[in-house]
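Please treat every number below as a calculation from the coordinates, not as lab data. Treat the numbers as computed from the prediction; the structure is a model and nothing was measured. Counting neighbours? That spans all protein chains shown, and the Cβs are built from the backbone with ideal geometry, glycine included.
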Number of protein chains: 2
Amino acid sequence: MLELKGHTSDDLCRSMLERHADVISVQKPVVALKKLKIIISAALKLSNSKGFQAMSLRDLSKESGVSMGGLYAYFDSKTTLLNMILTEVTGAVDRVLGNPPPEVVSDPIEHLKWLIEAHIRLTEEMQPWFSFAFMEAKNFPAKERSWAVDSEELTEALFADVTARAIADGRFRPGVTPLLPTMIKPLLQDWYVKRAKYRRRKVSVEDYIAAVQEMVLTTCLPVDQLAALAAR
Amino acid sequence: MLELKGHTSDDLCRSMLERHADVISVQKPVVALKKLKIIISAALKLSNSKGFQAMSLRDLSKESGVSMGGLYAYFDSKTTLLNMILTEVTGAVDRVLGNPPPEVVSDPIEHLKWLIEAHIRLTEEMQPWFSFAFMEAKNFPAKERSWAVDSEELTEALFADVTARAIADGRFRPGVTPLLPTMIKPLLQDWYVKRAKYRRRKVSVEDYIAAVQEMVLTTCLPVDQLAALAAR
DNA sequence: ATTTATAGAACGAACGCTCGCTTGACAAGT
DNA sequence: ACTTGTCAAGCGAGCGTTCGTTCTATAAAT
């Protein structure tokens, strides 16, 4: 099974500490990491249930057990807190999807299947982070919003690249819709946007990965290869 | 081309006036309709750019040109305003998708294609309303949220029904993923959630409808029918 | 004259954020 | 061994502001 590394909440908070050392006034790394994890986990919990805007810092203080003043040792404004979280999410996407294992890059179809699996597994392990990013990125100041869009387009570009390579190599059915790379994204996003629904219906990650791969491949592979695919 | 009726902003606001006559204190229908249209359109504009929570009633007052007191002649709380809009959206979905033309209901595959087209065309014409519903439904009190989920599941149920009929009739490939009806929804939603992206890329409604139909049908039709489909 | 509609000041609550004070761990000085 | 000094860390009442909502005075329509 595909293994991904470096995005436990521990890893992510450690990365946040480094990235925002200028704004975080707590010096001792052990203390800082421990508290930051608590604060971020509380922030994700509250934001994902009522929205980031609707979460007041008093809510966050109560949920995390850190006082108002204490919170401001970890960020200098509520908007900074938002950006700190969003930055880690896009960072994780770039790091994971941008580094495919060497054995898949030579075959565009294997690469495509890997991208689908890696994306779904990553969002599964970082589920609250992705829900947060998806829900909140829209509602914010022009600056932050535009790079949220950029990040979305960057992911899509990975699918567009691999699709273009497959077409150039004659591995896809002629005339397959040019919208294919665009349409993969919403299928991947549904896994974390509607996570509760899939949990309720007992759909496993593996089920979902297989379903998306099936749908995408049947859309783009040459017709004469589909029988073999279905037979597996 | 498929024609849908009864969901211009005029129709929708008229319906809002009837449905919430108890809460709207303005008596003269002509005046009420005119102003309500202005208020709702301003509310959708502001909400879709900064989020419903972040839209203050002072923003809304300024944008619509209606005073604070004036606004409260049309709703008795900000939450009521939210519900008034959401109610019209789910109402339109039920009305349109629940009434397929007689000529398609006998054939599950035609019915499926019609559902896809009707959903995308409806969300195209009511785009700001659907964006609003999608973005805001999540962040709200248990009551409103649960029926937002219900409404989502109801739409999905229509796809599940028609899929089940197609399978019973032997019209689908054996072993097609049971997740198919679930996965159609995010494809349909992408049209209004990421409307700006598709506009920027000059993707027309017709293009998008065709692409979704292609993707769905290639996933579920028997392999020996796909060549014919591709040839069209 | 009476009803209907509108404007905008006013209100209490809650917001993000600040700041002076307390705490506690640890090292220096005796 | 004990006291003292130091400073990072944490606290929460309070600041100015803005929120949703209400109210009263006025204007318009009938």
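Tabulated data
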quantity: The lone exception for A:Ser49 - which of (1) farther than 16 Å from A:Arg14 by Cβ; (2) within 13 Å of DNA strand C (Cβ to nearest atom); (3) in a helix (DSSP H, G or I) it fails; calculated: (2)
quantity: From the options A:Leu2, A:Leu44, residue that is within 19 Å of the chain's Cα centre (by Cα) and part of a loop (DSSP other than H, G, I, E, B); calculated: A:Leu2
quantity: Qualifying residues in segment B:52-83 (those that are within 22 Å of B:Gln189 (Cβ to Cβ) and assigned to a helix (DSSP H, G or I)) - the one nearest to DNA strand C (Cβ to nearest atom); calculated: B:Leu82
quantity: Sole residue being within 17 Å of the chain's Cα centre (by Cα), facing chain B (nearest Cβ under 9 Å) and touching a residue at least 60 places away in the same chain (Cβ under 8 Å), chosen from A:Val216, A:Val212; calculated: A:Val212
quantity: Selected residue (criterion: farthest from the other protein chains (Cβ to nearest Cβ)) from residues of segment B:171-209 that are of a type in the set (Val, Ile, Thr) and over 19 Å from A:Glu156 (Cβ atoms); calculated: B:Val205
quantity: Qualifying residue in segment B:4-16 (condition: over 21 Å from A:Gly51 (Cα atoms), crowded, with 19+ Cβ neighbours inside 10 Å, within 16 Å of DNA strand C (Cβ to nearest atom) and without any contact (Cβ under 8 Å) to a residue 60 or more places away in the chain); calculated: yes
